[in-house]
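The values are calculated or read from the model by the stated rules, or taken from the named source; none is laboratory data. Here the structure is a predicted model, which is why all the values come from computation and not from measurement. Ideal geometry is used to build each Cβ from the backbone, glycine not excepted, and the neighbour counts take in all protein chains shown. Only protein heavy atoms, including side chains, enter the accessible area calculation; ligands, DNA and RNA are left aside. Shrake-Rupley method; radii C 1.70, N 1.55, O 1.52, S 1.80 Å.
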Amino acid sequence: MTTQRGPRQNFKEQHLQAQHLTVQHPKVLFAAPEVAPFSKVGGLGDVTGSLPKALLKCGVDVRVVTPLWPGVMQKIKEAGCKISTLSQRVSVTYAWSVADAAVHRVDSDGVPIYFLEGDYYSGDIYPWDLNSRTVRPFAAFCMQALELEKVTGWSPDIFHCHDWTSAFLPCALAWHRHYRGMKQKSVLTLHNVAHQGMFPPGSFFEESGLDPSCFNIGGLEFYGQVNLLKGGIVSAAAVTTVSPRYAWEIQTYESTQALSGVIYAERRKLTGILNGIDIDYWNPATDPMLPECYSAASPAGKTACRRELLKNTNFDPAYEGPLVVCVSRLVEQKGFDIILPALKQLDSLGAKFIFLGSGQRWIEDALRNAAAANKDSLCFVPGYNEPLAHLLYAGGDIYLMPSLFEPCGLSQMIAMRYGTVPVVREVGGLIDTVTDADADGGGNGFTFLTYDTRGMLWSLRRAIERHSNAKAWNKIRLRGMEEDFSWNRPAALYRDLYRSVL
Ligand code: ADP
């Protein structure tokens, strides 16, 4: 039996199909404070720079919005990207005045990135001191992200937010007088729960337009302060962490500064998805920043990288012993309080060390002093230096990452891809990516559990000893190089998560 379809029925079917399509290909706007390679400060920037490209490949219609911080326009030009400026500015009201921004669009490997240029984005990315005045750029940015569709004509289904810096956005969807009626959903990714965007309320509610009644235990309030991350966790439709292990740890672990209770209460909307790395950018076989490229199948170039690294750091290029490297923010999280005492025992370790990083003054000073006292075995290069970071990953033998806590960690994955064997603490994403070479079946690195210098040295010494056995070392190194750390799997998991919240 055939049935005649009237126009009304057709409309309904088309409408259903359209809805189906929306779910199949969710439209997602990343609202991110930093995006590699334009404004990267750390791993968050790596993720917001590379995950959207992988999402695009697996059927997500994704775009990114980010502030145009000082120096970013220069980076865009250096990258050779074409910039177009939209005819309309995006405009919101914040702190009783107009906060508007010019919107510059750049297409990065097919992903449209909107850079917002406005008065609020004229300082450093992250303020040292948080209060209702210094959070203005982040809150205003989230409101501009919510208004962006008015000037682009492209309306997202989901806003994907990152850490406290864009956690105001889900709060606005829940409690802001202008935005709480919006139909879109938000997803919040926790890259590092140690930073929560906490400050005394001051004039925050009057300035931002958030309903002051959300300043309570079920909302933004946390021990008398505003806690933007808490507000985001409570109000987002879904919350993700950057590794499965971290999702578990932050429900129990004290480094969340007591936020574990809130996270535990919201655990049903929590998913841990291991980060990937951009395997095209981080590829020793094609990396233009290396003096010679190499791969697992043809590893000779790694020796040339090592020589270049030794030369650049004033060591003897002919040195053949173990070379331990570390590229890091110099903050307590990364384990410097257990690394520094170990540097007093350098003579007994039989290795050379190269550290690259910037951050807290006391760590920089301590590394500088240790390097001055151990010129033959320790080099410290202060600052942020992308080309040198590539050379360290490529030229090193052992990558040291004894973090106190580590939500995911990208450096250990990059190191493995470059054939540099990680020595890590068994915590967070480090557990999800590194297995001990002495465990049954063999692993891709060396691990330890107890957070102290002895524990770290126990693993470091095992790695240094194993390095002298070329055949055994090569096996460990190859296991790391053959790991799949691409974004393919994580991107598919994010796509499924987007579909599930729509
Ligand atoms: P986090 O995000 O906590 O800083 P991750 O391991 O997740 O740590 O990511 C760090 C990223 O930042 C890596 O890509 C690493 O190479 C890079 N990085 C950190 N410090 C420096 C530096 N001083 N110079 C160049 N790159 C750096």
Segments classed as helices (runs of 4 or more DSSP H), wholly inside region 209-301, with at least 1 members that are touching a Pro at 6+ places or on another chain (Cβ under 8 Å) and within 16 Å of the ligand (Cβ to nearest atom):
244-249
Suppose we keep only residues that are assigned to a loop (DSSP other than H, G, I, E, B) and of a type in the set (D, E, K, R) within region 72-123. Which one would you say is nearest to residue 206 (Cα to Cα)?
89
For region 439-464, which residues satisfy the criterion of being part of a loop (DSSP other than H, G, I, E, B) and at pLDDT 95 or above?
443, 444, 449, 450, 451, 452
Which residues, taken from region 321-331, are within 12 Å of the ligand (Cβ to nearest atom) and outside any loop (DSSP other than H, G, I, E, B)?
325, 326, 327, 328, 329, 330
Name the single residue that is surrounded by the most Cβ atoms within 10 Å (Cβ to Cβ) among those in region 359-414 being of a type in the set (S, T, N, Q), in a helix (DSSP H, G or I) and within 11 Å of the ligand (Cβ to nearest atom).
411
Only unsatisfied item for residue 159, checking (1) in contact with a helix residue (DSSP H, G or I) (Cβ under 8 Å, 6 or more places away or on another chain); (2) under 30 Å from residue 500 (Cα atoms); (3) part of a loop (DSSP other than H, G, I, E, B), is (3)
Criterion: over 26 Å from residue 281 (Cβ atoms), surrounded by 19 or more Cβ atoms within 10 Å (Cβ to Cβ) and among the hydroxyl-bearing types (Ser, Thr, Tyr) - qualifying residue of 132, 122:
132
Among the candidates 208, 243, 203, which residue alone is more than 27 Å from residue 434 (Cβ to Cβ) and either buried (at least 19 other Cβ atoms within 10 Å of the Cβ) or touching a helix residue (DSSP H, G or I) at 6+ places or on another chain (Cβ under 7 Å) (or both)?
208
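Residues checked against (1) in the same structural domain as residue 152 (by TED's automatic domain parsing); (2) open to solvent by 80 Å² or more (accessible area, probe 1.4 Å); (3) touching a Ser or Thr at 6+ places or on another chain (Cβ under 8 Å):
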site: 82; (1), (2), (3): yes, yes, no
site: 85; (1), (2), (3): yes, yes, no
site: 102; (1), (2), (3): yes, no, yes
site: 108; (1), (2), (3): yes, no, no
Residue under evaluation residue 126, criteria (1) under 24 Å from residue 195 (Cα atoms); (2) within 16 Å of the ligand (Cβ to nearest atom); (3) assigned to a helix (DSSP H, G or I), criterion not met:
(3)
Taking region 332-353 and the residues there that are closer than 19 Å to residue 396 by Cβ and within 12 Å of the ligand (Cβ to nearest atom), the one that is most open to solvent (accessible area, probe 1.4 Å) would be 334
Only one of these is out of contact with any Gly (no Cβ under 6 Å at 6 or more places or on another chain), of a type in the set (Val, Ile, Thr) and within 16 Å of the ligand (Cβ to nearest atom): 427, 434. Name it.
427
Taking the stated definitions as given, is residue 264 more than 26 Å from residue 46 (Cβ to Cβ), open to solvent by 60 Å² or more (accessible area, probe 1.4 Å) and out of contact with any Lys or Arg (no Cβ under 9 Å at 6 or more places or on another chain)?
yes
Considering every residue within region 50-57, establish whether at least one is in the same structural domain as residue 496 (by TED's automatic domain parsing) and assigned to a loop (DSSP other than H, G, I, E, B).
no
Unique match (being in a helix (DSSP H, G or I) and in the same structural domain as residue 232 (by TED's automatic domain parsing)) among 187, 151, 193
151
